[in-house]
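Working notes, beginning with the structure itself.
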């Protein structure tokens with residue numbers, strides 16, 4: 001009887017931990033629809049992901065678009081620099097399907113952040129990676145104020161100055177520093193506390209018990225990217241990571 005009680009308690013703890021672990025769709029449901037497209041973001045939520053991650057940049061005419069690369073060549077075949085091109089020109093480009101994308105999503109174009117915010121349902125999370133510098137903030141403040149009506153958002157960024165500035169401008173929005181270097185993160189812990197960042201979003205490969213211990217001392221929440229295997233997801237869960245960014249969130253949740 002005692003063994004059964006212990007088993008039930010362990011099962012409860014395991015299920016409770018899983019309930020707390022969140023899976024974020026990397027650039028939306030990019031396995032099925034073109035990355036950073038409005039279709040990919042919407043599909044991530046429809047498929048049951050705990051959130052959708054996207055990348056934002058500022059165009060020449062001060063429009064905020066969802067796009068990862070500095071230019072458009074990889075996904076459209078035409079090379080235009082995002083920061084030096086008006087949105088009217090960028091919007092003419094069609095995003096190519098990747099080998100895993102469904103033909104159902106042909107014809108997607110580069111979306112504006114404001115349209116994604118308008119499409120964010122209540123109870124859904126949009127994780128926004130800032131790919132450019134502080135020049136984006138005047139327009140970002142306008143877009144967030146005018147179009148963020150439902151759901152929740154969080155900011156992430158590799159540039160420490162930029163993500164710190166995001167926290168200053170949006171103190172109510174969770175902000176996480178992106179890094180793929182353990183040494184960099186350890187060095188940044190005092191600044192993470194100083195600028196009141198909510199935590200870090202790290203390449204899963206650099207996360208170990210020592211790093212987790214130091215971040216937990218600083219009350220910094222730990223997210224990670226980009227995890228597509230069950231073994232690595234379990235390793236992250238056991239280390240206390242709260243949120244996993246993955247290309248296949250629904251599949252990974254099912255496998256876990």
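With respect to the stated conditions, residue 88 is farther than 20 Å from residue 27 by Cα and touching a residue at least 24 places away in the same chain (Cβ under 8 Å). Quick one: which residue in 134, 36 is surrounded by fewer than 16 Cβ atoms within 10 Å (Cβ to Cβ) and closer than 18 Å to residue 156 by Cβ? Every option except 134 fails the conditions.
Scanning segment 25-36 for any residue that is within 20 Å of the chain's Cα centre (by Cα), at negative phi and assigned to a strand (DSSP E or B) turns up at least one such residue.
Every condition in (1) at pLDDT below 95; (2) more than 16 Å from the chain's Cα centre (by Cα) is met by residue 61 except one, and the failing one is (1).
Output the number of residues of segment 125-151 satisfying the condition of being assigned to a loop (DSSP other than H, G, I, E, B), touching a strand residue (DSSP E or B) at 6+ places or on another chain (Cβ under 7 Å) and closer than 30 Å to residue 21 by Cβ. Here the count works out to 2. The criterion of being surrounded by fewer than 21 Cβ atoms within 10 Å (Cβ to Cβ), farther than 14 Å from residue 108 by Cα and at pLDDT 95 or above holds for residue 85. May I ask you to list the residues in segment 168-197 that are within 26 Å of residue 138 (Cβ to Cβ), surrounded by fewer than 20 Cβ atoms within 10 Å (Cβ to Cβ) and in contact with a strand residue (DSSP E or B) (Cβ under 8 Å, 6 or more places away or on another chain)? 170, 173, 174, 178, listed by residue number.
The condition (being at negative phi and either surrounded by 13 or more Cβ atoms within 10 Å (Cβ to Cβ) or more than 19 Å from the chain's Cα centre (by Cα) (or both)) is satisfied by just one residue among 22, 122: 22.
Reported count of residues in segment 208-256, each being in contact with a strand residue (DSSP E or B) (Cβ under 7 Å, 6 or more places away or on another chain), part of a helix (DSSP H, G or I) and farther than 17 Å from residue 179 by Cα, is 4.
Condition check for residue 66 on (1) more than 20 Å from residue 115 (Cα to Cα); (2) surrounded by 15 or more Cβ atoms within 10 Å (Cβ to Cβ); (3) modelled with pLDDT of 95 or more: one failure, at (1).
The values are calculated or read from the model by the stated rules, or taken from the named source; none is laboratory data. Only a predicted model underlies this, so the values are computations on that prediction, with no experimental measurement involved. In this analysis, Cβ positions are derived from the backbone assuming ideal geometry, glycine residues included, and neighbour counts consider all displayed protein chains.
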